[in-house]
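Accompanying notes for the structure given below.
The values are calculated or read from the model by the stated rules, or taken from the named source; none is laboratory data. All values derive from a computational prediction rather than experimental measurement. Here the Cβ positions follow ideal geometry from the backbone for every residue, glycine too, while neighbour counts run over all protein chains shown. Only protein heavy atoms, including side chains, enter the accessible area calculation; ligands, DNA and RNA are left aside. Shrake-Rupley method; radii C 1.70, N 1.55, O 1.52, S 1.80 Å.
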Amino acid sequence: QEQAGKKSAKKLNFKISELNNITMKTETIVAFRVFQEKDMLRRYNNYSKYTVKKYLTDSINTDFWKKVSTALNVYGFSLTMKTIKVGICDEFSDGVYLPKNKEIILCANTLVNKGAFENALHRQLIKLYDDVRSTNYNFANCKHLACTEIRAALFSHE
């Protein structure tokens with residue numbers, strides 16, 4: 001009986017160590033896959049930023065940029081590349097206008113093509129323009145926001 005107990009203990013130890021090896025291999029595979037997915041996401045985000053920055057550089061020569069820039073100059077505001085930042089956003093948004101800083105942030109990870117980029121840029125430039133031209137623009141006023149959103153939709157071809 002004692003020998004049978006030793007044999008079953010050896011079998012149990014063997015099975016436990018085998019199970020530990022399998023668990024370690026599985027954890028390693030999962031960790032590697034997570035690393036791969038994070039790396040792919042990082043590369044996608046970097047590529048998205050590069051692409052949107054290129055679109056932004058190209059947009060300076062468009063008629064729309066020139067018209068908005070000229071209109072903003074009348075109110076003493078200079079539209080430059082520094083006015084627009086490109087970032088990666090957590091929320092599903094194409095971009096945002098920050099009135100306090102008079103700054104536009106475009107979300108590179110959601111702007112999947114040039115058309116989406118142009119729509120987002122036009123919308124945010126209209127918001128910037130409405131804010132700059134008005135001395136009493138109130139972002140908490142639904143009527144002000146509605147007018148801006150309607151104008152932005154018309155100019156962005158949405």
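Some notes on this structure:
- Rounded to the nearest 5, the antiparallel percentage of DSSP beta bridges internal to the stretch 35-125 is 50%.
- Sites TYR47 and TYR137 - FRET efficiency at Förster radius 35 Å, r taken between beta-carbons, to 0.05: 0.45
- Label-to-label distance for LYS100 and ASN73 is 3.1 nm, based on points extended 7 Å past Cα in the beta-carbon direction.
- Extension gain, MET81-GLU37: 0.36 nm per intervening residue step, less the Cα-Cα distance, totals 12.6 nm.
- Between PHE92 and LEU154, the simple label model (points 7 Å from Cα in the Cβ direction) yields a spacing of 2.9 nm.
- Summarising the overall dimensions of the stretch 63-103 from its C-alpha atoms, the Rg and Dmax are 12.2, 36 angstrom.
- Within the assembled protein chains, the solvent-accessible surface assigned to CYS142 is about 110 Å², based on a 1.4 Å probe.
- Per residue, the stretch 50-99 exposes an accessible area of 64 Å² to a 1.4 Å probe, with every protein chain left in place.
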